[in-house]
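Q: Right, I'll just put the structure down here and ask away after.
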Amino acid sequence: MLQEKLRWTTNRENLVAEIRQCRDEGRDVAPLMSAALEILDMPDNEEKERLAADMIVSLERCPVRDDYRYVEPESYAEIRKSLTDCPAPLAKAQTDEIAPKLKGAWTGRACGCLLGIPVEGWPRQKIHDYLRESGQYPLKKYISSDVASDIREKYAVSDLDPENSYDRVYKCWINNMKELPIDDDLNYTMLSLRVLERCGKNFTSEDVAEAWLFGLPALHTCTAERVAYRNLLHSILPPASGIYANPYREWIGAQIRVDFYGYINPGDPQTAAYMAYKDACVAQTKNGLYAAMLVAAMVAISAVCEDYRFIITEALKQIPPRSRLHEAVSDMVRNYDSGMSYIDMLDTIHEKYDEHDSFDWCLAIPNVLVIVCALLNYGDDYSSAICEAVLAGFDTDCNAATVGSIIGYAKGIRAVDPKWTNPVRQIYHSSVHHYESFEIEELVRRTICVIKSDR
């Protein structure tokens, strides 16, 4: 039914998430909770939808508590004003030597994404149990659904994609794949290329919004992006589009959209982070923004550095030091420095965030932490890193794609074992209008053209 495919657009569904989001932001929602719960208890009808819409806006307007210890600015000027650490000077990558790195980045992102798609939405334990019982553990290659019928039944393994969210006929088990799939993690990288080729490096957030409306089907967006899409159609423009009635504004969406801004700013994390901000504020705010800025900065630094601890800590200098994300990543780096094991590092994430709860599962902060853990512990080995990013749970395809992108850019295409590229044709497919299909070599060429461009 169409109604089932219109998820994240009904206010009665979004009200529950809005309450959680406001609490995370430190807003004093207590005076409104009784009325909010009464609305949630109503039968689903037009009146509930209207009241839920009003309540969501009222919750978003609640003041931040005086005892809230984080300082999380939303405008770029205020974000820059909050920064206290001075970034280290970085060497600039030479464009005539960057092609193998860019090929590694584009390829690394696509292969990491494909590895994680089949088990997207599965909790960590289910992933491990399925792989063990199907003889695919330890994870060293793409995941197959060509397993015994009792295992398929036990884990509800289906080759069909019931939601058909991205024009998939089959779930992306490797036994069904001949080419790279259409997926949001790949769509947005292609969309960024479209924005830069058409608008140049001085693009605006409204240019990004216009690219969505002209170039991306509405139902190929999810959560925060789908709410923002609805807002844009009602002439609510950035940055309001990322905030108004948008309970998913600190979810993972922005951090999966921004790798390209790192690709085109090799060795320049500040510019990469600024471009990421302009994109991210279309659908996110606060830690949703910061996650995008952090990822773009890490990608930019990886073009000139293979020290992942340095990449992470240097990229942190681009986001507010008193934010929840900065604190969480800094704590994880300290855990790593103290000698904490990789598994224990992951356990600290799972202890704080419940991957069985869709809000936590898709929230930016725990997913950034998975990326950080994989890079710190396995960054020298592309294959191990993307596999561990999937085995960690949470948003498996998004995290493996970002990890693969960063390592691919740092080490180049030589780091990507042919076991990841040989099983499927290396052609990017997307649902972005006029950018539906490109060989990776063509994407590398066009990325270099953007880097060299004066506009």
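Q: State which residue pairs qualify: first residue in contact (Cβ under 8 Å) with a residue 12 or more places away in the chain and surrounded by 23 or more Cβ atoms within 10 Å (Cβ to Cβ) and inside segment 224-246, second residue polar (S, T, N, Q) and in a loop (DSSP other than H, G, I, E, B) in any location, beta carbons under 6 Å apart, and separation of 6 or more residues or different chains.
A: The qualifying pairs are A224/N246; A224/Q284; V227/N246; Y229/T221; G242/Q284; G242/T285.
Q: Pull up segment 414-425, narrow it to residues that are crowded, with 20+ Cβ neighbours inside 10 Å and of a type outside the set (G, A, S), then point me to the one that is nearest to F260 (Cα to Cα).
A: Per the criteria, the residue is V416.
Q: Mind checking which residues of segment 399-453 are within 25 Å of V304 (Cβ to Cβ), among the β-branched types (V, I, T) and assigned to a loop (DSSP other than H, G, I, E, B)?
A: V416
Q: Could I ask something else about it? For F214, which of the numbered conditions (1) closer than 30 Å to T95 by Cα; (2) in a helix (DSSP H, G or I); (3) aromatic (F, W, Y) fails to hold?
A: F214 satisfies all of (1) closer than 30 Å to T95 by Cα; (2) in a helix (DSSP H, G or I); (3) aromatic (F, W, Y) except (1).
Q: Please go through segment 88-106 and pick out each residue that is open to solvent by 50 Å² or more (accessible area, probe 1.4 Å) and not charged (D, E, K, R).
A: P89, A91, Q94, P100
Q: Determine if segment 177-191 includes at least one residue that is open to solvent by 70 Å² or more (accessible area, probe 1.4 Å) and polar (S, T, N, Q).
A: No, segment 177-191 has no match at all.
Q: Does segment 353-366 contain at least one residue that is of a type in the set (G, A, S), touching a helix residue (DSSP H, G or I) at 6+ places or on another chain (Cβ under 8 Å) and open to solvent by less than 10 Å² (accessible area, probe 1.4 Å)?
A: yes
Q: For segment 107-127, how many residues meet the condition of being within 26 Å of L186 (Cα to Cα) and either open to solvent by 30 Å² or more (accessible area, probe 1.4 Å) or of a type in the set (F, W, Y) (or both)?
A: 6
Q: Same structure again: From the set of residues in segment 11-55 that are in contact (Cβ under 8 Å) with a residue 40 or more places away in the chain and in a loop (DSSP other than H, G, I, E, B), which is surrounded by the most Cβ atoms within 10 Å (Cβ to Cβ)?
A: Looking at residues that are in contact (Cβ under 8 Å) with a residue 40 or more places away in the chain and in a loop (DSSP other than H, G, I, E, B), I get E25.
Q: For segment 135-176, which residues satisfy the criterion of being in contact with a Cys (Cβ under 7 Å, 6 or more places away or on another chain) and buried (at least 19 other Cβ atoms within 10 Å of the Cβ)?
A: Within segment 135-176, L139 is the sole residue that qualifies.
Q: Kindly evaluate A77 against the criterion of being modelled with pLDDT under 95, among the aliphatic types (A, V, I, L, M) and open to solvent by 50 Å² or more (accessible area, probe 1.4 Å).
A: Criteria not met by A77.
Q: Here's another thing I want to ask about it. Residue pairs, Cβ under 7 Å, 6 or more apart or interchain, first in segment 414-435 and within 13 Å of C113 (Cα to Cα), second surrounded by 15 or more Cβ atoms within 10 Å (Cβ to Cβ) and among the small types (G, A, S). List them.
A: Short answer, once both residue conditions are applied: Y428/A110.
Q: Moving on to the next point. Here is a list of conditions, (1) modelled with pLDDT of 95 or more; (2) farther than 16 Å from Y244 by Cα; (3) touching a Lys or Arg at 6+ places or on another chain (Cβ under 8 Å), and L59 meets all of them except one; can you say which number that is?
A: Unmet condition: (2).
Q: Take the residues of segment 371-398 that are in a helix (DSSP H, G or I) and farther than 18 Å from A110 by Cα: which is nearest to the chain's Cα centre (by Cα)?
A: So the residue we want is V372.
Q: Next up: Among the residues of segment 260-309, count how many are within 18 Å of R324 (Cα to Cα), in a loop (DSSP other than H, G, I, E, B) and open to solvent by 10 Å² or more (accessible area, probe 1.4 Å).
A: 1
Q: Does R257 satisfy the criteria of being touching an Asp or Glu at 6+ places or on another chain (Cβ under 6 Å) and buried (at least 22 other Cβ atoms within 10 Å of the Cβ)?
A: Judged against the criteria, R257 is a match.
Q: How many residues, within segment 126-175, are assigned to a loop (DSSP other than H, G, I, E, B) and not hydroxyl-bearing (S, T, Y)?
A: Counting residues in segment 126-175 that are assigned to a loop (DSSP other than H, G, I, E, B) and not hydroxyl-bearing (S, T, Y) gives 23.
Q: Take H350 and decide whether it is assigned to a helix (DSSP H, G or I), open to solvent by 10 Å² or more (accessible area, probe 1.4 Å) and closer than 21 Å to V119 by Cα.
A: yes
Q: Right, another one. Return yes or no: is A52 modelled with pLDDT of 95 or more and under 25 Å from the mean Cα position of the chain (by Cα)?
A: no
The values are calculated or read from the model by the stated rules, or taken from the named source; none is laboratory data. For clarity, every value in this text was computed on a predicted model and none was experimentally measured. Every residue, glycine as well, gets a Cβ built from its backbone with ideal geometry; the counts of neighbours run over all protein chains shown. Accessible surface areas use protein heavy atoms only, side chains included; no ligands, DNA or RNA. Shrake-Rupley method; radii C 1.70, N 1.55, O 1.52, S 1.80 Å.
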